[in-house]
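Below is the structure I would like to discuss, written out as C-alpha cells.
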There are 2 protein chains.
Amino acid sequence: MRSRSEEDYLKAIYSLSIKGSSTSTNEIAKALTMKASSVTDMLKKLADKKWVNYIKYKGVTLTKEGKQIALQIIRKHRLWETFLVTNLNFKWDEVHDIAEQLEHIDSIELINRLDKHLGFPKFDPHGDPIPDKNGKIQDLRKSQPLSDLKKGDKGIIIGVVDGTSIFLRYLDNEGLNLGTEIHVAEIFDFDFSYKLKINNKFLTVSERVSKNLLIQF
Amino acid sequence: MRSRSEEDYLKAIYSLSIKGSSTSTNEIAKALTMKASSVTDMLKKLADKKWVNYIKYKGVTLTKEGKQIALQIIRKHRLWETFLVTNLNFKWDEVHDIAEQLEHIDSIELINRLDKHLGFPKFDPHGDPIPDKNGKIQDLRKSQPLSDLKKGDKGIIIGVVDGTSIFLRYLDNEGLNLGTEIHVAEIFDFDFSYKLKINNKFLTVSERVSKNLLIQF
DNA sequence: ACTTTTTTTTAGTCTAGTCTAAATTAGTTT
DNA sequence: AAACTAATTTAGACTAGACTAAAAAAAAGT
C-alpha cells in the first residue's frame, strides 16, 4: 500500500524529471511547498521501497516501478478532470483541486470503468495526454501556438501553454473553449494581435494570448 | 477542516444512534475495529470541537453540528454509490469500499453537481435514503419484506434488509435487481418458499430470501 | 451490600510525516 | 587551492492517531 504523501512525491518527481532527468531535493521541496529536510526523509523511504534511485547529494530519479506508479496517478488525475468537465459541466480551471483529491482513490476497476465511460479519451480538458492502463502515453498531439498561424489558417483549440486560473477564466469568458474551431481573419502587424472568426463572430486577442493558445495541427 | 478519521467516527456514531439515542465507547470501537482507548481519545477531541456531547463513562451523542456533518458524509457515500451503479455499471455489492473512500472527497460543489447529474435521486442502490443538501432525509420509502405479500400481490424490489455481499451476489445472479417488478404466483405452505413471476419467467426463492427482500408498498 | 465482571479511562509508547537548527558536502569564486 | 556560498543531510522535536497495560468506575450477581 502507498500513502497519499508517497504518491504526491512520486508524482512531483515525475513531473520535474520531464525536463532534466535527475531531480534535486530543493526542486521537490519547492514543488510540494515543504522543507528540504522533509524531502530527504521521504526520499530515503521511497528508495527503500525501490521506487526511486537516490544517492545522497546526487539527486533522484524514478525507478521503472516508481515511474509506473506516477503515470497511474497522472492517469487518474486526468481522467477525473475529464469527467468533471464533460459530465459535471465544471469549467476547466475549476477542476484541479478536486482532481488532486480524486487521484488518490484506490481502485483500478473504478478507473478503468471511468475510462470506458468517458470513451477512452486520449487528452484531458487542458490538452494534456492521458496515460492508458499500461502507462503508455499517446504521442503528443501535434499542435502549435496560435501565434504560429498565418492569415487564413484554420484550427481547433486543443490546449494551453500556461494553465493559470486567470488565463483559463479569460478564455472561458471569451468563449474560447476546448474544441472550438477558429479561423485567423487578420493579423495586425503593429501589435501582433489576432482577429479570429469563431462561429461567424469576430474576436481579437493579444499577442500574449496567441502565444498561449495551442491549435491543432 | 476535518480529518478522515474524525469523519469516520462521526458517521459511526450517527449510525449507532439510529436505534438507541446514546452510544457507548465499546460500540464505536467495534464498529470501527479499534480499541476502546483510541475511541476515548477521539471522543475528547470531537467534544472539544463541539461535534459531540461527551460525558465520561456516560456515552456520547452528536450535537446538531455533528449530526449535520454525519448526514453530509452519508449523502456523499450514497450519491457516489448511485453513480457507481447507474453510470459505471458496478453491481450493488461491489460499491461499498470505493464509496467509503469517495465519501471523504471535500467539495460541496462537486457533490451538488453529482446530485444533479444523477437526477436528484432519493434512494441509493441498496434502497437507503439519500439526505439532501440540507441534511433532510425523505420519509422512508414505504416497503415491506416479500414475506408479507400474499399470493397474487405485485411489487417492485427496492432494497434489502441485510446487505451482505453473498446475498447481494445471489440476487444479482438470479436477476433480482433493484427496480425489478415481481408478481407472487404461489406460496408453498410447507416451507414458505415463494414462486415469483418476473418478466414472464418463474423463479422460486426460499423463506429466508423472502424475509430479506424489500418490496415497494 | 459486597464481590465479581465488564466497561471505560488514563498513562505511556509507537509510527508517519512534518518542522527547525546545526552540521556537512558540493559548487563557485578569487 | 583556499575560502566562501548554496544545497543537502542529520539530529532532535512535535502532532495526529493508533496501540498496550494498568487503574478506575459502573453494572451485575449473589
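The values are calculated or read from the model by the stated rules, or taken from the named source; none is laboratory data. Only a predicted model underlies this, so the values are computations on that prediction, with no experimental measurement involved. All Cβ positions, glycine included, derive from the backbone under ideal geometry; neighbour counts span all protein chains shown. Side chains included, ligands, DNA and RNA excluded: accessible areas come from the protein's heavy atoms. Shrake-Rupley method; radii C 1.70, N 1.55, O 1.52, S 1.80 Å.
Could you tell me which numbered condition B:Ser5 fails, if it satisfies all but one of (1) more than 14 Å from every other protein chain (Cβ to nearest Cβ); (2) surrounded by fewer than 17 Cβ atoms within 10 Å (Cβ to Cβ); (3) within 16 Å of DNA strand D (Cβ to nearest atom)?
Going through the list (1) more than 14 Å from every other protein chain (Cβ to nearest Cβ); (2) surrounded by fewer than 17 Cβ atoms within 10 Å (Cβ to Cβ); (3) within 16 Å of DNA strand D (Cβ to nearest atom), B:Ser5 breaks only (1).
I'd like to know if region B:61-69 contains one or more residues that are part of a loop (DSSP other than H, G, I, E, B) and in contact (Cβ under 8 Å) with a residue 12 or more places away in the chain.
yes
To continue, here is another question. Does region B:33-49 hold any residues that are away from DNA strand C (no atom under 11 Å from the Cβ) and either open to solvent by 80 Å² or more (accessible area, probe 1.4 Å) or among the polar types (S, T, N, Q) (or both), and which are they?
Across region B:33-49, the qualifying residues are B:Thr33, B:Lys45, B:Asp48, B:Lys49.
Within region B:21-39, take every residue that is within 10 Å of DNA strand D (Cβ to nearest atom) and more than 17 Å from B:Arg4 (Cα to Cα) and give me the one that is nearest to the chain's Cα centre (by Cα).
The qualifying residue nearest to the chain's Cα centre (by Cα) is B:Ser24.
Right, here's the next one. Considering only residues that are out of contact with any strand residue (DSSP E or B) (no Cβ under 9 Å at 6 or more places or on another chain) and under 20 Å from A:Ile156 (Cβ atoms), which ones fall in region A:186-217?
Within region A:186-217, A:Asn200, A:Lys201 meet the criteria.
Identify all residues within region B:100-114 that are assigned to a loop (DSSP other than H, G, I, E, B) and open to solvent by 40 Å² or more (accessible area, probe 1.4 Å); write none if there are none.
Correct list: B:Asp106 only.
Let me ask something else about it. Are any residues in region A:79-112 over 19 Å from A:Ile166 (Cα atoms), without any contact (Cβ under 8 Å) to a residue 12 or more places away in the chain and under 18 Å from the mean Cα position of the chain (by Cα), and if so, which ones?
A:Gln101
Under 6 Å between Cβ atoms, at least 6 apart or on separate chains: pull out the pairs that start in region B:10-24 with a residue that is assigned to a helix (DSSP H, G or I) and end on any residue that is among the polar types (S, T, N, Q).
Filtered contacts from region B:10-24: B:Ile13/B:Thr23; B:Leu16/B:Thr23.
Kindly list, by first and then second residue, each pair from a residue in region B:188-208 that is in a loop (DSSP other than H, G, I, E, B) to a residue that is open to solvent by 100 Å² or more (accessible area, probe 1.4 Å), limited to pairs with Cβ atoms under 9 Å and residues at least 6 apart or on different chains.
Hits for this filter: B:Asn199/B:Glu181; B:Ser206/B:Phe192.
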